[in-house]
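The values are calculated or read from the model by the stated rules, or taken from the named source; none is laboratory data. Quick caveat: nothing in here was measured; it's all calculated off a predicted structure. Here the Cβ positions follow ideal geometry from the backbone for every residue, glycine too, while neighbour counts run over all protein chains shown.
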Amino acid sequence: LENQLLDHIREFKPDIIHAHSTYVVFNRVLSKLQESDSLGGIPMIVTIHGRPKPLILPNGEQTTDFDSFTEVCPFDLILAVSSNVAKVLDEYLSRKGLDIPILPLYAGVDLSVFFPMHDMEKKWDIAFLGRLEKMKSVDLFPEMLVQLKQDFPNLKMLMTGEGSLKSSLLEDFDRLGVSQMVQYLGVVETERVPELINQSCIFIYPSREEPFGLSIIEAMACGVPVVTTNVFGPSEIITNGLDGLTVNPDDVNALAEAIRTLLDDKQLRMKMGTQGRMTVEERFDSNQHLENLVSIYRDLL
């Protein structure tokens, strides 16, 4: 694999190499390029998309992907999807004595695709579009609906996606008597996402861990108020009480209460939705993201 990758790079002769991986094998390939032939002067960038993940080495030693990544790190610049991710990575680099610049570069959303569709009928009170995994806190949804059912017996929730918690989640909905409140669509086509968001009154994304939160800015771009958690990425996106609501992770009571606050106040939903769209226009426009990336490339050439 390493030799094949080397051959492809040598054949293509890129002006810049931009990686999106902490995979140490890839780092070794790039190090060989630096040390060997005429391609050794190519600027190399990597984007880090998350927090450290645990790894177990063949000898049984426990480590993280950041530790292995920084063992061989041939990059001229590291981009991070959020300031919090950049901060954690900087600590790893410092421990290894590596002096590599790190820049936070937020992702952007296409504002011509994700926008408020004001004539769209609202079919769901709340919506979650994402992976059905523990890190997304989907296991809190059954109890959340039990609490909301007391005040909103006719509440309707949209849920999409696949994941390891799908079966147990659907079983819990049924066991707790809230399955009739949920419309589960499975995996939906990307083209349907803006429409589904616009058909919802509130978008929820209560992750236990979230390096950035692309789904959050997609919902904000559609003018739909968001309830999320005050963890890594979301805490840099949402100003609590202004363009969305944030709660502590793993707090199902606070999650239900934040949703209840928005369901009870249509004017607040409209106000936060409008402000959310403004936030995305100012800070998370995909055109601005591309301009920033091109500027970074030019500075390295």
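General observations
- Number of positions in region 190-207 that are farther than 22 Å from residue 85 by Cα and surrounded by 19 or more Cβ atoms within 10 Å (Cβ to Cβ): 9
- Among the residues making up region 208-241, those that are touching a residue at least 40 places away in the same chain (Cβ under 8 Å), surrounded by fewer than 23 Cβ atoms within 10 Å (Cβ to Cβ) and assigned to a loop (DSSP other than H, G, I, E, B) are 208, 209, 211, 239.
- Criterion (of a type in the set (Gly, Ala, Ser), free of Cβ contacts under 8 Å to residues at least 60 places away in the same chain and in contact with a helix residue (DSSP H, G or I) (Cβ under 7 Å, 6 or more places away or on another chain)) met by exactly one of 68, 82, 31: 68
- With respect to the conditions (1) among the β-branched types (Val, Ile, Thr); (2) part of a helix (DSSP H, G or I); (3) not assigned by TED's automatic domain parsing to the domain that holds residue 83, residue 294 lacks only one, and its number is (3).
- Residue pairs meeting the criteria (Cβ under 7 Å; at least 6 apart or on separate chains; first farther than 17 Å from residue 258 by Cβ, in region 141-163; second among the small types (Gly, Ala, Ser)): 158/127; 158/200; 160/186; 161/130; 162/186
- Of all residues in region 262-288 being touching a strand residue (DSSP E or B) at 6+ places or on another chain (Cβ under 7 Å) and assigned to a helix (DSSP H, G or I), the one that is surrounded by the most Cβ atoms within 10 Å (Cβ to Cβ): 276
- Filter pass, residue 90 being more than 24 Å from residue 264 (Cβ to Cβ), in a loop (DSSP other than H, G, I, E, B) and without any contact (Cβ under 8 Å) to a residue 60 or more places away in the chain: no
- Test: residue in region 51-58 that is in a helix (DSSP H, G or I) and assigned by TED's automatic domain parsing to the domain that holds residue 18: no
- Residue count for region 81-128, restricted to those that are closer than 21 Å to residue 297 by Cα, out of contact with any Pro (no Cβ under 7 Å at 6 or more places or on another chain) and polar (S, T, N, Q): 0.
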